[in-house]
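Just so it is clear, none of the values below were taken in a lab; they were calculated from the coordinates. Since we're looking at a predicted model, the values are computed, not measured. Every residue, glycine as well, gets a Cβ built from its backbone with ideal geometry; the counts of neighbours run over all protein chains shown.
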Amino acid sequence: MTDRRGLSSTQQQAIEQTETWGAHNYLPLPVVIESGQGAWLTDIDGNRYLDFLSAYSAVNFGHCHPVLTQAAADQLQKVTITSRAVFSATYGPFIQALAELCGKEMVLPMNTGVEAVESAIKLARKWGYETKGVEERHANIIVMANNFHGRTTTVISFSNDETARRNFGPFTPGFRTVPYGDIHAIADEIDANTVAVLVEPIQGEAGVIVPPKRFLPALRELCTERNVLFIADEIQSGLGRTGTTFACDHSGVVPDLYVLGKALGGGIMPVSAVVGNRDILGLLHPGQHGSTFGGNPLAAAVGLAAIELLRTGELQRRSAELGEHLHTRLRGLIGHGVDAVRGKGLWAGVDIDPYLGSARSICYRLLARGVIAKDTHTKTIRLAPPLVIERDELDQAIDALVDALAEARAEKA
Ligand SMILES: *Cc1c(COP(=O)(O)O)cnc(C)c1O
């Protein structure tokens, strides 16, 4: 690892320990974080960074949000895990608030995002067999090319990222892939055994890809017409990230199932859920599906506090307004080291001109300027600051990007 910032020996040691003892399933930026507050992270030497990754949108509310840490601290004094073998005092309020936020009737809580995706797949299949009348073991689900829905064996079965799949087979059958945003391809793939279409309303890991304007409304119509469930994976796009509570809201579209995670845990712990109506979630009966930790008292307390932060619409408004500013400034960089800018609200995919180097090399330059941002694929930087970020902090990070691009250009000249 190039030590371009002159890493302290304390940071070097921490990195070495991580590399020695941990499986190398990530390629972290060379910085060792000790604490965080709002949009800021501090490393173990006391250097501060603006966080433009937000733990892949798990930290939409900012680091250590006082309301959320208080909710967690209060619950830590009471009870943390009970399992669902008994009722708990925080579970009911959490799931009611979440159902109401989604305008739906029922919630199935899980922990990580991929578990919620798995749960939605199981629900869709069950609905297909028991309600739609699909022939047993023949259900199929339509998914999008370049999707990211997590890392379990079933979920990577319908990924087309070879790095995520190689040597992990055999894979789970029952999925059909179509190009993202191609409504005609979906219509062609739907047959009598199709139970669901699973989409990210904006593809996150693929590079913050926004589908054509008419896509989601057309998909809603198609799914209703053909009696197929519309499952929206809003794990990364939901809960305020794009300037609305859900990315689907931009198109005025309501899916049959919302799949939520990441920010639902308030940046404190893993909390995920599938949210939908009784006609689907009501199909689950005791013993058919579950999770020891799903909906535990601590998760429910933190999840409820997170939902309450979203209820006023203040964070969504911030994301929309500041996002407007972010995108205006980023678009100004097109032709000046940036090839394309996509996204909505405080969420942007920025394609770097390959002549200046990889997206990762620009992320290193950003790190040296006190901004933490992450590349996805070789040419895209994803920008997703906590929604509590201030306008001058946003400008500070964009200035750092301008500067980083100028430096890269100067080194080429
Ligand atoms: C992160 C993510 C997942 C997986 O969530 P984990 O908590 O990492 O399992 C699924 N879908 C989308 C769209 C995501 O961004």
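Using helices alone, what [θ] at 222 nm do you get for the chain, with -39,500 (n - 2.57) per DSSP H run of 4 or more residues, divided over all residues and rounded to the nearest 500?
For the chain, the value works out to -11000 deg cm²/dmol.
Counting pairs of Cα atoms in the chain, how many percent are more than 34 Å apart?
Beyond 34 Å sits 31 percent of the P(r) for the chain.
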Quick one: Karplus J couplings for segment 109-125, per residue in order, coefficients 6.51, -1.76, 1.60, θ = phi - 60°, nearest Hz, x for Gly and Pro?
-> x, 9, 10, 8, x, 5, 5, 5, 4, 4, 5, 5, 4, 5, 4, 5, 5
Taking Cα atoms of segment 282-331, Rg/Rh with Kirkwood Rh, to two decimals?
-> 1.28
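Starting from the Cα gyration tensor of segment 245-294, take the square roots of the eigenvalues, sort them a ≥ b ≥ c, and report rounded, prolate or oblate (rounded when a/c is under 1.5, otherwise prolate if a/b is larger than b/c, else oblate).
Oblate, because a/c is 1.5 or more while a/b does not exceed b/c.
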Under 29 Å Cα to Cα from residue 412, which lysines show up? Leave out anything in the same chain fewer than 8 places away.
-> 374, 379
Counting DSSP beta bridges in the chain, what percent are antiparallel, to the nearest 5?
-> 60
Length-normalised contact order of segment 66-311, Cα under 8 Å, at least 6 apart, in percent, tallies to 32
Which of the aspartates and glutamates could a cross-linker span from residue 126 if the Cα-Cα distance has to be under 13 Å and same-chain partners fewer than 8 positions apart are dropped?
-> 118, 135, 136, 279
³J(HN,Hα) computed for each position of segment 86-94 - Karplus, 6.51 cos²θ - 1.76 cosθ + 1.60, integer Hz, glycine/proline x = 10, 7, 10, 5, 8, 4, x, x, 5
Relative packing of peptides 112-123, 44-55 - highest average C-beta neighbours within 10 Å first | 112-123, 44-55
Sort segment 199-346 into rounded, prolate or oblate with this rule: let a ≥ b ≥ c be the square roots of the eigenvalues of the Cα gyration tensor; rounded if a/c is under 1.5, and if a/c is not under 1.5, prolate when a/b is larger than b/c, oblate otherwise.
-> oblate
Which cross-chain or sequence-distant (5 or more) residues have an amide H under 5 Å from the amide H of residue 105, H modelled 1.01 Å from N in plane?
-> 276, 277, 278
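Looking at the square roots a ≥ b ≥ c of the eigenvalues of the Cα gyration tensor of segment 1-156, which shape do they give, rounded for a/c under 1.5, prolate if a/b is larger than b/c, or oblate? Don't jump to the answer; show the numbers that get you there.
Details: a/c = 2.60, a/b = 1.54, b/c = 1.69.
Here segment 1-156 falls in the oblate category.
List the relative contact order of segment 329-373 as a percent without decimals, with contacts defined as Cα pairs under 8 Å and 6+ residues apart.
With pairs under 8 Å counted, the relative contact order is 23 percent.
Based on alpha-carbon atoms only, what is the radius of gyration of segment 172-237 relative to the globular estimate 2.2 N^0.38 Å? Please list the in-between numbers first.
Working: Rg = 11.7 Å, N = 66, 2.2 N^0.38 = 10.8 Å.
Expressed relative to 2.2 N^0.38 Å, the Cα Rg reads 1.08.
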Given Cβ charges of +1 for Lys and Arg and -1 for Asp and Glu, the option among 246, 113, 159 whose Cα lies farthest towards the positive end of the dipole of segment 66-311 is 113
Top mean-square fluctuation among 213, 132, 104, Gaussian network model of the chain, C-alpha springs under 10 Å?
-> 213
³J(HN,Hα), Karplus 6.51/-1.76/1.60, whole Hz, each residue of segment 12-25, x for Gly, Pro = 4, 4, 4, 5, 4, 4, 4, 5, 6, 9, x, 4, 8, 8
Protection proxy ranking, peptides 231-240, 384-393, 326-335, average beta carbon neighbours within 10 Å, highest first = 231-240, 384-393, 326-335
